[in-house]
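Working notes, structure below.
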Amino acid sequence: MSEPTILLIEDEALIRRLVRGALEEEGYRVLETGTLKEGLAQLHAETVQLLLLDLGLPDGDGIAFIRELRTQFALPVLVLSARSAEGEKIRALDAGADDYLTKPYSSGELLARVRAQLRRSPTESESTGTLLSFGNVVVDLAQRNVTRGGEPVRLTPIEYRLLCAMLASPGKVLTYRHLLRAVWGNAFVESNHYLRIYVSHLRQKLEDDPAQPKHFLTETGVGYRFQI
């Protein structure tokens, strides 16, 4: 079974070398680049399970890059930045980053954050060939494809991440905080209205009768439960 692939976008060669060394010692496959343009090309060319992103890059703004990324990819993003101001962290998380680690950081903390993000995102080796179905819906985790009655269903990256988070624990009640942390990150654990909106989207797209859902069930005052 192959290890997860991690892409590092960082313009300082010394930091790239140190981070890559720490990750490779843990058995991860690491791709690296110093520009956003090259990083985007890598994401299109490779199957990547986690992105480590510096914000201060020579060819663009990292936060704007995250916003663009979220329109195309659902992979987790861990920001590694010297920008320590609370406002910068909030901007990155609001743009779609999953976590934020301020430089300087220890390799131990970096690896712990990496493991936490990878636990929330199935690796290619775990998902290859895996098909999940409920009702007339089929989810191909390897290809990130969803079909309903044989017809493709277009999900946004956030909708897909929420779907995967719920599929991971069928029959289990998932609290609001659990789902918010899994899909949006720690900064959004009090934002229950986000969940209501996106669960409604999944019902509209995947339930036979969104008004009387059979699969995406509300547990009043607690959270949601996915029922096969």
Only one of GLY56, GLY60, GLY39 is buried (at least 19 other Cβ atoms within 10 Å of the Cβ), within 19 Å of ALA97 (Cβ to Cβ) and among the small types (Gly, Ala, Ser), namely GLY39
Working carefully through the options VAL199, VAL146, find the one that is in contact with a strand residue (DSSP E or B) (Cβ under 6 Å, 6 or more places away or on another chain), in a helix (DSSP H, G or I) and modelled with pLDDT of 90 or more.
-> VAL199
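Does LEU179 fit the bill of being in the same structural domain as GLN204 (by TED's automatic domain parsing) and either surrounded by 14 or more Cβ atoms within 10 Å (Cβ to Cβ) or part of a strand (DSSP E or B) (or both)?
Details: in the same structural domain as GLN204 (by TED's automatic domain parsing): yes; either surrounded by 14 or more Cβ atoms within 10 Å (Cβ to Cβ) or part of a strand (DSSP E or B) (or both): yes.
In short, yes.
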Read through the list (1) part of a loop (DSSP other than H, G, I, E, B); (2) at pLDDT below 95, then give the number of the only condition that ASP209 fails.
-> (2)
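Got at least one residue in segment 92-110 being at positive phi, modelled with pLDDT of 90 or more and not hydrophobic (A, V, I, L, M, F, W, C)? Give the steps one after another, and end with the answer.
At the first step, the residues of segment 92-110 found to be at positive phi are 96.
Filter once more, keeping what is modelled with pLDDT of 90 or more: none.
The answer is no; no qualifying residue exists.
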Residue in segment 73-81 that is at pLDDT below 85, crowded, with 17+ Cβ neighbours inside 10 Å and either of a type outside the set (Val, Ile, Thr) or under 20 Å from LEU43 (Cα atoms) (or both) present | yes
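The values are calculated or read from the model by the stated rules, or taken from the named source; none is laboratory data. What you are looking at is a predicted structure, and each value in this text was computed from that prediction instead of being measured. Don't worry about glycine lacking a Cβ; one is built from the backbone with ideal geometry, like all the others, and counts go over all protein chains shown.
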